[in-house]
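Data first, discussion second: the structure below is written as structure tokens.
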Amino acid sequence: MKSIQNNKIFIDSSEYNYRVAHLTLEGTCSLDHGPKNVNIKNLYVDKYPVTNQQFLFFIKSTGYKPADPQRFLAHNPNKIKNNYPVVCVSQYDAMHYAKWVGGRLPTDEEWQYIAAGPNYLEWPWGDTFDPLVCNHDHSALTPVNAHKKGASWCGCEDLSGNAWEWTSGVYDDGEHKFALIRGGSFFYAQDHWHVGGGARKNNYHWKLQLLNEGMNRASTLGFRCVYDV
């Protein structure tokens, strides 16, 4: 299988009105969900989520080993799945990779703008949900370039469904630390579960409690990078 190239897409600076929907099954969220004006600076963003091949090359090149290895790459990436999104990485693991490639994780606000754009689209591809252009309610991950018709306004693919994506913030509400994840995943729980599944709208984030590194790594959670100009 030919390996994909994770081309960087330029996002021009802009101001937009940020407003996010939020659902919690445990506790509440103290963050400001808008509406509020947000300034997006010039940046580049990965066209695709970081793949197994890219992350394994990072490990080979740097010798990266997490201090707490619980469930690290527990999905056992291999050559057959080179172009699948890397999962079973914590926010901390993702930050180390991003720094190595000269980038960082996107903020929650940046991620939403990359997905929704200046026209505030509900889904990366438009305002109507289409299960044929994303990995929604299926049994497994798919390659990051498997749903080209699901690309966002700027050309980023695989933003909704397949694997949730880490954003950069770490928050503390006085009871526990948490991060915000975006985009949804292929797995759609049929009953109430700890984390909502399936593809998710552009204006939807999930409050994920940060526990130990083993529990912060999931087979439905990956990331992509952005790069400051």
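With only Cα atoms counted, the chain has Rg and Dmax values of 16.3, 48 Å. For Asn52, the shell of other residues with beta-carbons less than 10 Å away shows a net charge of +2, using +1 for Lys and Arg and -1 for Asp and Glu. Express in whole angstrom the spacing between the alpha-carbon centres of the range 115-141 and the range 39-96. The two parts, judged by their Cα centres, are 23 Å apart. Of the DSSP beta bridges with both residues in the range 8-228, give the percent that are antiparallel, rounding to the nearest 5. Taking every DSSP beta bridge within the range 8-228, about 85 percent pair in antiparallel fashion. Under 14 Å of direct C-alpha separation, and excluding same-chain neighbours fewer than eight residues apart, Lys177 reaches these aspartates and glutamates: Glu26, Glu213.
Going by neighbour counts of Cβ atoms within 10 Å, the residues Ser168, Ser61 line up, fewest first, as Ser61, Ser168. To the nearest 0.05, what FRET efficiency results for Tyr92 and Glu175 with a Förster distance of 25 Å applied to their C-beta separation? Calculated value: 0.75. Approximating the spin labels as points 7 Å out from Cα along Cα→Cβ, the Ala67-to-Leu211 distance works out to 2.0 nm. Straight-line reach from Lys148: taking Cα to Cα under 17 Å and skipping same-chain neighbours fewer than 8 places apart, the lysines in range are Lys2, Lys8, Lys47.
Near Gly222, the amide H atoms lying under 5 Å from its own belong to Trp164, Glu165, Trp166; only residues 5 or more places off or on other chains count, and H is placed 1.01 Å from N. Mean-square fluctuations from a GNM of the chain, with a 10 angstrom spring cutoff on Cα atoms, peak among Ala74, Ala163, Ala116 at Ala74.
Computed from phi, the 3J(HN,Hα) profile of the range 38-55 under the Karplus parametrisation 6.51, -1.76, 1.60 (θ = phi - 60°) reads 10, 9, 9, 7, 3, 7, 10, 9, 4, 5, 10, x, 5, 9, 4, 4, 5, 6 Hz, with x in place of Gly and Pro.
FYI, it's all coordinate maths here, none of it is from the lab. Since this is a predicted model, take the numbers as computed values, not measurements. Positions of Cβ are generated from backbone atoms using ideal geometry, with glycine treated the same way; all protein chains shown enter the neighbour counts.
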